[in-house]
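To start, the structure under review is shown below, and the notes come after it.
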Amino acid sequence: MNIELVRLTGEYKEQLFEMLTEWKDDIIANHTDMSPWKIWAHDFHDFDNYLKSLDTKEGAENGWVPDTTLFCLDKDRNIFVGAVNIRHYLNEELLKTGGHIGDGIRPSERRKGYATAMIALALEECKKLGINKVLICCNKDNIGSAKSIIHNGGVLENEVEEDGHIEQRYWIQL
């Protein structure tokens, strides 16, 4: 597996459109999860605005914390296989259920080990940001996500009910 996390630039516009179009079709057809939410916050067809909206800067309003969105590039095939959103610190809401890292893999690339590898790369980014203890949360029903977190050293702290479902809260010490 030859992957890296990259910032979105015009160079990757085609890869973004291919991934998100596939993903959106799956969301509509199967009502699947939209994680990381940040990649769905704005219409990707308006690429310039989308590009500007990916990262939240310091001093953001409406309870947002600074964050960085990165895309997982399979360098051998030159396609995006997923995305991560890294929150630089936690507010009360993120501490409860959001965590430091939101991640997702495009439907056609799931169950191939990308999530585990992508989380490992995201944890390296967390280290660069000075985050030494990382919280990652997932829905209790998402066994694959839990396995990816555990394979990266995640230790389950507890479960919290949120909007009628159970969120598991895992901590990873870096």
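At a glance:
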read-out: Rounded if a/c under 1.5, otherwise prolate or oblate - segment 43-145, Cα gyration tensor axes; value: oblate
read-out: Segment 34-121 - percent of accessible surface contributed by carbon and sulfur, probe 1.4 Å; value: 49
read-out: Rounded accessible area of Cys72 (nearest 10 Å², 1.4 Å probe); value: 0
read-out: Ile79 long-range amide H proximity, modeled H, under 5 Å; value: Asp74
read-out: Radius of gyration, Dmax [segment 1-54; alpha carbons; angstrom]; value: 11.8, 32
read-out: The chain shape via C-alpha gyration tensor axes, a/c threshold 1.5; value: rounded
read-out: Over 27 Å (Cα to Cα) - which of Lys75/Lys133; Lys57/Lys127; Lys13/Lys147; Lys52/Lys133; Lys24/Lys127 fall in this group; value: Lys75/Lys133; Lys13/Lys147; Lys52/Lys133; Lys24/Lys127
read-out: Residues of segment 32-147: accessible area per residue with a 1.4 Å probe, Å²; value: 50
read-out: The chain - mean residue ellipticity at 222 nm from DSSP helices (-39,500 (n - 2.57) per run, n ≥ 4, rounded to 500); value: -9000 deg cm²/dmol
read-out: Set of segment 104-137 residues, backbone N closer than 17 Å to the point 7 Å along the Cα-Cβ line of Lys75; value: 114, 117-122, 124-125
read-out: DSSP H segments from the chain that extend 24 Å or more along their own axis, Cα-based, with Kyte-Doolittle mean of -1.0 or above; value: 13-30
read-out: Inter-centroid distance (Cα atoms) of segment 4-26 relative to segment 119-174, Å; value: 24
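The values are calculated or read from the model by the stated rules, or taken from the named source; none is laboratory data. Computed from a predicted structure; not experimentally measured. Glycine gets a Cβ as well: all are built from the backbone with ideal geometry, and neighbour counts include every protein chain shown. Remember, those area values only see protein heavy atoms, side chains included, never the ligands or the DNA or RNA. Shrake-Rupley method; radii C 1.70, N 1.55, O 1.52, S 1.80 Å.
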